[in-house]
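The values are calculated or read from the model by the stated rules, or taken from the named source; none is laboratory data. None of the values given here were measured: they were computed from a predicted structure. Neighbour counts run over all protein chains shown; Cβ positions are idealised from the backbone, glycine included. The area values use the complete protein model at the heavy-atom level, side chains included, leaving out ligands, DNA and RNA. Shrake-Rupley method; radii C 1.70, N 1.55, O 1.52, S 1.80 Å.
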4 protein chains.
Amino acid sequence: MNTFGRTLRLISFGESHGPAIGGVLDGFPAGLDLDLQQVQQALDYRNPSQAAIGSGRRETDQVEFLSGIWQGKSLGTPIAFLIRNRDARLEDYAVLEHAFRPGHADDTWLAKYGIRDYRGGGRASARETVARVVGGALARQLLFPMGIRIYAYACQIGSVRLEKSFAQIDADHVYSYQSRCPDPDTDEAMLSHMQEVRLSGDSIGGVVECRVAGMPKGLGEPVYDKLTARLAMAMLGINAARAFEVGQGFAAAGMRGSEHDDTWLPDGTTANNMSGGIRGGISTGEDVLFRVAFKPIPTISRSQMYLTDDGRLQEASMAGRHDVCCVPRAVSIVESMTALVLADMYLLNRCSRV
Amino acid sequence: MNTFGRTLRLISFGESHGPAIGGVLDGFPAGLDLDLQQVQQALDYRNPSQAAIGSGRRETDQVEFLSGIWQGKSLGTPIAFLIRNRDARLEDYAVLEHAFRPGHADDTWLAKYGIRDYRGGGRASARETVARVVGGALARQLLFPMGIRIYAYACQIGSVRLEKSFAQIDADHVYSYQSRCPDPDTDEAMLSHMQEVRLSGDSIGGVVECRVAGMPKGLGEPVYDKLTARLAMAMLGINAARAFEVGQGFAAAGMRGSEHDDTWLPDGTTANNMSGGIRGGISTGEDVLFRVAFKPIPTISRSQMYLTDDGRLQEASMAGRHDVCCVPRAVSIVESMTALVLADMYLLNRCSRV
Amino acid sequence: MNTFGRTLRLISFGESHGPAIGGVLDGFPAGLDLDLQQVQQALDYRNPSQAAIGSGRRETDQVEFLSGIWQGKSLGTPIAFLIRNRDARLEDYAVLEHAFRPGHADDTWLAKYGIRDYRGGGRASARETVARVVGGALARQLLFPMGIRIYAYACQIGSVRLEKSFAQIDADHVYSYQSRCPDPDTDEAMLSHMQEVRLSGDSIGGVVECRVAGMPKGLGEPVYDKLTARLAMAMLGINAARAFEVGQGFAAAGMRGSEHDDTWLPDGTTANNMSGGIRGGISTGEDVLFRVAFKPIPTISRSQMYLTDDGRLQEASMAGRHDVCCVPRAVSIVESMTALVLADMYLLNRCSRV
Amino acid sequence: MNTFGRTLRLISFGESHGPAIGGVLDGFPAGLDLDLQQVQQALDYRNPSQAAIGSGRRETDQVEFLSGIWQGKSLGTPIAFLIRNRDARLEDYAVLEHAFRPGHADDTWLAKYGIRDYRGGGRASARETVARVVGGALARQLLFPMGIRIYAYACQIGSVRLEKSFAQIDADHVYSYQSRCPDPDTDEAMLSHMQEVRLSGDSIGGVVECRVAGMPKGLGEPVYDKLTARLAMAMLGINAARAFEVGQGFAAAGMRGSEHDDTWLPDGTTANNMSGGIRGGISTGEDVLFRVAFKPIPTISRSQMYLTDDGRLQEASMAGRHDVCCVPRAVSIVESMTALVLADMYLLNRCSRV
């Protein structure tokens, strides 16, 4: 069950402190010119500066491609790749051999499998997302020629929210901003908020917003694989994600039908795109709009109480090996998962008609 | 792509005004005593009184089983079933032959397939959910002997919210309440709110909350099929669903790690279950908690502007064939989809260890 | 696991003596004009005259479509259908409640599921193949406009073999021949052979040959889903099938490379199509050629020794409820499964290139 | 579509002359002690001495594991592995840039994808089977504790056939024999036959037989995923495979029911296992028996006529880079694919009953 997608499928593998993280992207059509520098760049984008995210692990994340690409083109065969794990300080994790961190998946993985690689969370680590970024960067190259553009960005970090509209932000340069919020003032505010939270020995949550422009009309599958449903699954599959909403989201619950009204314009678009670009699970051709909420990273610098596997509480700390907020990293992951969903739906649509 | 689930799979079929809606539940284990009256009752529960939901279509929804069950037991073979469509007033939909309702999927399905059964929304109709209710009712019978109990209920309809805690409500008798909010006062307030909205010719959204008690620890699949991810997909696949959150959901975005803290208790549970019963995508054994938001039904009694397939705006109305709020029906659908997800995850777990 | 195919998927359901056999064909593209008379005719073709096959069960096999087709066209939604079981003489099977027939799956299904519907073999009955014939008849209508033509026919029944080449037989009228061998002399010989075998209270095996003309080049998937592999799976999934070979088949094992030589012609075809139209698992554009062997039906008119579920041998007989040879029925099933495989591969190919 | 299996899934990747061949084995249960030396040995077994198979490519085939195994145990997470390609003499394949070998898949892959990695057949090369051998060797370790034993061996190479019964051969030491026929006399005859064929500048086909002992009763899925069907798919998915038969296979076509008679013994086994251990697609608990035929390798030492991509015939030769018969290698591949099928079926069966 480590596969994402149906026609375009990403299979990922790897534990945080094993030899490598990697993946296989199967179902990628043949004959596309691929820019592998862009893939490496996407990996780099996943690693904001330490100023932004705190004092996490440092990995250079060099991707090696093993198959499926030749002379710069996709072959139609599986594209396999790997990223070696290098900054693996195993001694940092000795305490985890017999203890479970609060808010982590240490105990649940053990309950499921009866065994766990406790080093850095093993496969539960967010380090796995490097595979998604590589897969997503390739998927985006499939979508690009159709004019599809994916803009993900931080819209909330802790108590700091982006208050500007999409038109007012610098969405084309999200990755120039360390917080991944493409507005200079908000970026600065988010960075200093994260700095303050870090100094207090704490962590903080946030929200990533995503807008997809240039959408074709008609993407999405009935009835369980609605575009909304597939995006929701993609987003809640990201580490620390806790919520997803599309269009008006939770606010729609308090609205009347006359208010949440996708008023037609004669050209087939609507006056206000209340639906966030998806009606009946199928794209309308208007911009797709959704948000994903992330909880604060459970590991903090202050000491915490761990639970030992023989049922005792034990004070411990993982100081120095965690981010203060996952949102700056999550932006590129949201973007990647969106690209994988859309590319899959695009290919599925090739079979919708005779 | 009309299949839900992996080991336990529901395939549904049928258009709103075609001969029947039905499904096939494949992968259901052999040898379970099945109570088919309970399945019929679940279908009845999906149909609140007209007082609650307005003036919608009336269907008796009698389920016929075609296979997979013999002498009261599951055979291990596919369980096929159908519900004949009876109250199909086709003349009501003549206007839709060449016009698209606002907020519906009429145009998006046409864009995808190049053809559509415009009668009552065809396969995009929420009538399809009867198949989910049958599948879910069977799945629940698989979960019941393990002690798993699913409680879904209305927690918000328009501006009326349930303000009581789970311990204070009558969760064992949700379906005795027309609004599906199991608190007499809130139920009454919701009903009169819906009545008022209906009289104003409008519709209203709402939120369904779901709590699963008696959860085993260890359900959920890495890394894309986290229990959170699969629930999110299941919920956003329901008609009119717009948002999903688990545990603290969107509120977690504004919290600090020290606040969103799953403090261990020595028995392996936590002080406050901030995670909503799922950590790292795998169940913790504590209650699973999530919420789903629904938009207002786009068809309202007031006349609306439809878009014709030759690009004109045309005044029209679908008076008398729609609910005022989908939440009372959605409760049983949320419950059904939850049961399907959990049963699938339960069966998948049989292969997680040697 | 009652699903066949990947992009075009047939899910079948039903027990031999339950209410109905049916299926759902999902992934069928929208907008195709469908001739439902042809589907019914395919079902009729599955039922040769009693003269040919002996004294089996009589079913009229009327198909009812429940969804996915409207105004004569496919909607792109699941096409569900059912065939009610009518000639179910349950009393004939009372002996099977506690006894296993030799050569049947009575005991193996019980071993797998711990429960079995013993009436007529339950889901193990070849009656399930009516679902395949309906699915295959629809798939064939998808292939027809491309010029793909599937010719399956009996080439051996017991000791009688068809000795003529494809060019010499009446392949366009296979179903005019009761043995399904489209050569008047061989048909007559096969019929009298079956008659003789029947009078001796025995049964007999045979071989179905299949040739697909008008093949596009390039169908088949790497590396596990080669066209050869998928056809082999399709054929060995038919009741009583025991062997499959493509092109020169087993004979190729004794040949030298210089002999089994697909000598090129300048137009890209070969001098002798030794490969049977598939090289490297992908169609060459030349005719696809394969054969499927069927064992004799294990139920014979003579009395046999059954094994009781408490380990005793017991004399019994199922006189009057079985065919003398499955090949005349199997021809239409081979044709149907071939159509399902090719239609799936055709749709899969829409995603092989950018 | 580079995935094999459903619950236990092998995804393979890699081109013959790309950086590596590898795979991901997903769904492997946690907690099994794994002997990785055995996996390497299985890879070595795939490489018979040059005396046996001629003058093919020499690869040492060292496997590197990247994930899913820790401290000698399976983690329940994906087991990824790779084998670097080393003996890649690219200059040997320059002729293939614009020409298609007879009997190979050069042209069919190009027709499918519009692009091909022509070096050594790219992904169509039998070199891909190293991934199957690694996956199969792991699967075998899952089956071993249950007592399941898989014996594959050469039973025919060209005109030399193994004439002894299973009881008379040295099945426990198949890999001690260069031909992979575990009978000293037949081995010697096969080796000298291959030698003679090689000297004549030709190649030769053959047959691999497989017997699985220690089978549990009840493996196999209805109705399209019969154990026969899945084995057939697995075998016809092997390069150069042309035919498959189980039990009496093609011979059953000429037999009468009274002759092809699985006569019951009181212990639930049969007098003669005519069915080859599978009835109704489900294992009987008796030995599973099947055979797979392979065509002669189409590349021979003599010069051959190639077809250029502009439609000309051109004399060429691939001397020195091919085996004379694929059977000695195929034995370990047949064994591997059998293990993958059985392990998948074994895991699927965990969900067949409540």
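Legend: mean number of C-beta atoms from other chains within 10 angstrom of residue C-beta atoms, peptide B:60-66, equals 2.
When the Gaussian network model of chain A links Cα atoms closer than 10 Å, the mean-square fluctuations of A:V223, A:V197, A:V134 top out at A:V223.
How high is the relative contact order of segment A:24-140, given as a whole-number percent (alpha carbon pairs under 8 Å, six or more residues apart)? Display every interim value, and only then the final one.
Working: 123 pairs, mean separation 37.1, N = 117.
This gives 32 percent for segment A:24-140.
For peptide B:17-28, compute the average count of partner chain beta-carbon atoms within 10 Å of each residue's beta-carbon. Please list the in-between numbers first.
On the way: counts 1, 9, 5, 6, 3, 7, 5, 11, 1, 7, 6, 2.
The mean count of partner-chain Cβ atoms within 10 Å per residue comes to 5.
How long are the semi-axes of the equivalent ellipsoid of segment C:119-187, defined as square roots of 5 times the Cα gyration tensor eigenvalues? Whole Å, largest first.
Numbers: eigenvalues 127, 88, 14 Å².
Whole-Å semi-axes of the equivalent ellipsoid: 25, 21, 8.
The orientation-averaged projected area of the convex hull spanned by the Cα atoms of chain A comes to 19.4 nm².
How large is the charge dipole for chain D, taken about the Cα centre, if only the Cβ atoms of Lys, Arg (+1) and Asp, Glu (-1) carry charge, to the nearest 20 debye? Mind dumping the intermediate values first?
Values: 37 positive and 41 negative charges, 140 e Å.
Around 680 debye, computed over chain D.
The alpha carbon gyration tensor of segment C:8-90 gives principal lengths a ≥ b ≥ c with a/c of 1.5 or higher and a/b greater than b/c, which makes the shape prolate. Which shape class, rounded, prolate or oblate, goes with segment B:54-183 when its Cα gyration tensor gives a ≥ b ≥ c as root eigenvalues, a/c under 1.5 marks rounded, and past that a/b bigger than b/c marks prolate? Oblate is the answer for segment B:54-183, as a/c is 1.5 or above yet b/c matches or exceeds a/b. Among C:S258, C:S200, C:S283, the residue with the largest mean-square fluctuation in a Gaussian network model of chain C, with springs joining Cα atoms closer than 10 Å, is C:S258.
Applying a threshold of 31 Å to the alpha-carbon distances of A:K226/A:K295; B:K217/C:K112; A:K295/B:K295; B:K112/C:K217; A:K217/C:K73; D:K73/D:K112 flags D:K73/D:K112 as lying beyond it.
Taking A:H322, A:H17, A:H260 as the candidate residues, the one with maximal mean-square fluctuation in a Gaussian network model of chain A, Cα springs under 10 Å, is A:H260. Per the Debye formula on identical point scatterers at the alpha carbon atoms of the protein assembly as shown, with no solvent, log10 I(q)/I(0) at q = 0.04, 0.05, 0.07, 0.09 Å⁻¹ is -0.23, -0.37, -0.74, -1.25.
Note on B:K164: aspartates and glutamates with a C-alpha under 13 Å away, same-chain residues under 8 apart excluded, are B:D183, B:D185, B:D187, B:E209. The tail of the calculated P(r) for segment D:260-327, taken as Cα-Cα distances beyond 20 Å, holds 58 percent of the pairs. Averaged over the residues of C:262-270, the number of partner chain Cβ atoms lying within 10 Å of the residue Cβ comes to 5. Summing Cβ point charges (Lys, Arg +1; Asp, Glu -1) relative to the Cα centre of the protein assembly as shown gives a dipole of roughly 0 debye. In segment C:150-212, which GluC sites (Glu not before Pro) are in a loop and have at most 15 other Cβ atoms within 10 Å, using DSSP for the loop call? For GluC sites (Glu not before Pro) across segment C:150-212 that sit outside H, G, I, E and B with at most 15 neighbouring Cβ atoms in 10 Å, the list reads C:E163. Per-atom-type breakdown for the protein assembly as shown gives carbon and sulfur 49% of the accessible area (1.4 Å probe, protein chains only). In this label model, C:S49 and C:E163 are separated by 2.6 nm, measuring between points 7 Å along each Cα→Cβ vector.
From the alpha carbon centroid of segment B:203-257 to that of segment A:293-354 is 15 Å.
Output the relative contact order of chain B, whole-number percent, from Cα pairs under 8 angstrom with separation of 6+ residues. RCO, chain B: 23 percent. Summed over the residues of segment D:3-351 and divided among them, the accessible surface reaches 29 Å² per residue at a probe radius of 1.4 Å. Spin-label model, A:S303 to A:A316: label points 7 Å out along the Cα-to-beta-carbon direction sit 1.4 nm apart.
Using 0.36 nm per residue, how much length does the chain from C:Q38 to C:D92 gain when fully extended, once their Cα-Cα distance is taken away? Present the calculation step by step, with values, prior to reporting the outcome.
Values: separation 54, 0.36 × 54 = 19.44 nm, distance 3.32 nm.
Between C:Q38 and C:D92, full extension yields 16.1 nm more.
For the chain pair D and C, the interface hides roughly 8000 square angstrom of accessible area in total, found with a 1.4 Å probe. Separation of segment B:73-122 and segment B:157-196, taken as the distance between their Cα centroids, equals 31 angstrom. Taking 7 Å steps out from each Cα toward its Cβ at C:R149 and A:M146 produces label points 3.8 nm apart.
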